[in-house]
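Colleague: What follows is a structure written as structure tokens; I'll ask about it next.
The values are calculated or read from the model by the stated rules, or taken from the named source; none is laboratory data. Since we're looking at a predicted model, the values are computed, not measured. Cβ sites come from the backbone with ideal geometry, for glycine too, and all protein chains shown count toward neighbours. When the accessible area is computed, the model is the full protein with side chains, heavy atoms only, and any ligands, DNA or RNA have been set aside. Shrake-Rupley method; radii C 1.70, N 1.55, O 1.52, S 1.80 Å.
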Amino acid sequence: MRHFLTFCVAFVLMAFFSIFSTFIAEITDVLQMRNRNLSISFNTAGEELIMSWSPIQYPCVYKIETMSETTGYVPNAPRYHVLTEAETISASYIVPRAPIPTYYSISARGIFNEIFKTKAAMANPNFPIPPRPISIFHYTKENPASSKPFLIWHTVPNAVCYELEILSAPPEYEGGTKLSKLYHLESTAKIYTNGYQADLTPYYKNYAVVYWRARALGLHKEPIGEFSNAEPIYIDEKIPEPNAPLINNFDFMNYKPLPMYPVYNWIPINGAVKFEVELISGNDSIWRKTTADLGSCYDDFRRPAGVYYWHVRGLDAENNQVGEWSDIEQFAVKDFGKGVTAAIFGDSISHGGGAVSYSPRSLEYSYATYIDFPVINLSRSGDTAHTALERFENDVLPFKPKNLIISTGANSLRDANITADEIISDLTQIMNLCKRNDIRPIFLTLMPINPENIQYAFHTETDPHWHDKLVTVNSFIKGTDYFIDIEPYFYDSNGNMNSKFCIDGIHPDLVGKMLIGEVINQNRHLFRDVAHR
């Protein structure tokens, strides 16, 4: 009898809330909340982009989805991939940083139900067409520059490098792809990140203000889009010159997990030909590395859970310090001691990065960013199938993944000294280690490569028999219990890696990484216990 009464009460309450929710929904329809259009605007505040809208005159919580558009190459894939979600009771929102075209959907939830959702996604205005850089730092009369200022701009997707021009006056016309004939002072096309320290000492005595603009270039120094709008630089020679590298936090996603093998990025200082990075834990210096790369440094180790600090300084050819150490930057590694549902294990293709100049710190060049369920990235750049095998126990087992996406062997294809049978042997041992530790191994087939582009980008030869090796290895992968076939999507008409997906011949760029993520999403049924959208 008691159970019957409990059931009756529960049934009545459910019926009441159903009727009440319907009543609320009808009220919101009468108020035409579902059919209204929000007046949405975007404004910049420093390097932040703020989205604002006309508030709904009804108590509600706003949900904002930040999305990227999918590639269109995978059948039945949704139009957008949700990068992140957030809720607010305010009618404004600081847009999450994303150096790719992003779109936003706003919905409003009342007491019991959704009362509004935008009919179309709003586009981020920081990605004009044709593409052009957009300045982040502004040097005005009220905020003048030193004679050696850092010039910083939003990245242009897939830009390999940038050309920057200094002018004595605004150009003859804005945009375009040609240097100014009348006002050109100097230019350089050797900028491989989204910032540059200019040296204006030759000009400040003759010009109270000079101008700068930048354009993005591709692998062959061909223009990608147009020059940015010319920005004035008001100069005050009394302001101290920056004398340390500038930590590059501009445009980097900060709401997605970083790879377990960190990468450190900065804007270089004038006069330095190499850089030294120091990693600090607590009060102890635990690692140092010197690199000739002018904007990034790859950590040699996977860092365990904890809080870390790092900084960078410039060096000359004789290892003398140039300027000072940069500001200290902090990052944290989450504790995954209880295990994870899915992890990625592979080489630089999985570690991340692309378009020659982007490191794995640029998470838009990681296919993990476009997977619809949580994953951690245990990949390491430079791995062969064998070196991946060698670090399996130290780098995979501590995380106890239920599923392991395995993508390694591309560097082995390039190496004429490594045979297909050796690659298969290494992959077989990785698979057996997974099975012995209750990990589901899910292989990605190897993608084609483009030897001509690899030679141009990295000045390295490729085994002429790479494709025969790929066919043999992929036949093995397709005979395993769990695999995802990404190979067919990436060929050009000559049987090589298609340049529209991959500029440098081996590391897929934005669309290529998105495509890999979308194909993985289409195969979610292979994974154990993953959350489904």
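Colleague: Mind telling me which of the residues GLU226, GLU186 ends up being acidic (Asp, Glu), part of a loop (DSSP other than H, G, I, E, B), touching a strand residue (DSSP E or B) at 6+ places or on another chain (Cβ under 7 Å) and open to solvent by 30 Å² or more (accessible area, probe 1.4 Å)?
Modeller: So the residue among GLU226, GLU186 that is acidic (Asp, Glu), part of a loop (DSSP other than H, G, I, E, B), touching a strand residue (DSSP E or B) at 6+ places or on another chain (Cβ under 7 Å) and open to solvent by 30 Å² or more (accessible area, probe 1.4 Å) is GLU226.
Colleague: Across the range 412-465, what is the number of residues that are outside any helix (DSSP H, G or I) and in contact with a strand residue (DSSP E or B) (Cβ under 9 Å, 6 or more places away or on another chain)?
Modeller: Count: 12.
Colleague: Within the range 37-73, track down each residue that is under 30 Å from TYR491 (Cα atoms), open to solvent by 40 Å² or more (accessible area, probe 1.4 Å) and touching a residue at least 60 places away in the same chain (Cβ under 8 Å).
Modeller: Across the range 37-73, the qualifying residue is only TYR73.
Colleague: For the range 93-115, which positions are at pLDDT 90 or above and exposed (fewer than 14 other Cβ atoms within 10 Å of the Cβ)?
Modeller: ILE94
Colleague: Taking the conditions exactly as written (in a loop (DSSP other than H, G, I, E, B), over 22 Å from VAL396 (Cα atoms) and in contact (Cβ under 8 Å) with a residue 40 or more places away in the chain), does THR480 satisfy them or not?
Modeller: Values: in a loop (DSSP other than H, G, I, E, B): yes; over 22 Å from VAL396 (Cα atoms): no; in contact (Cβ under 8 Å) with a residue 40 or more places away in the chain: yes.
So THR480 does not fit the description; no.
Colleague: Any residue in the range 307-325 that is closer than 20 Å to LEU363 by Cα, in contact (Cβ under 8 Å) with a residue 60 or more places away in the chain and not acidic (Asp, Glu)?
Modeller: No, every residue in the range 307-325 fails to be closer than 20 Å to LEU363 by Cα, in contact (Cβ under 8 Å) with a residue 60 or more places away in the chain and not acidic (Asp, Glu).
Colleague: I'd like to verify a number: residues in the range 433-470 that are closer than 25 Å to ARG524 by Cα, open to solvent by 60 Å² or more (accessible area, probe 1.4 Å) and of a type outside the set (D, E, K, R), how many?
Modeller: Going through the range 433-470 one residue at a time, the tally reaches 1.
Colleague: Go through the range 493-533 and give me each residue that's closer than 18 Å to ILE442 by Cβ, among the acidic types (Asp, Glu) and not in a helix (DSSP H, G or I).
Modeller: Answer for the range 493-533, where residues must be closer than 18 Å to ILE442 by Cβ, among the acidic types (Asp, Glu) and not in a helix (DSSP H, G or I): just ASP529.
Colleague: Scan the range 157-191 for residues that are under 23 Å from SER146 (Cα atoms) and under 30 Å from the mean Cα position of the chain (by Cα) and report the count.
Modeller: 10
Colleague: Name the residues in the range 303-350 that are surrounded by fewer than 16 Cβ atoms within 10 Å (Cβ to Cβ) and of a type in the set (S, T, N, Q), would you?
Modeller: Of everything in the range 303-350, those that are surrounded by fewer than 16 Cβ atoms within 10 Å (Cβ to Cβ) and of a type in the set (S, T, N, Q) turn out to be ASN319, ASN320, GLN321, GLN330.
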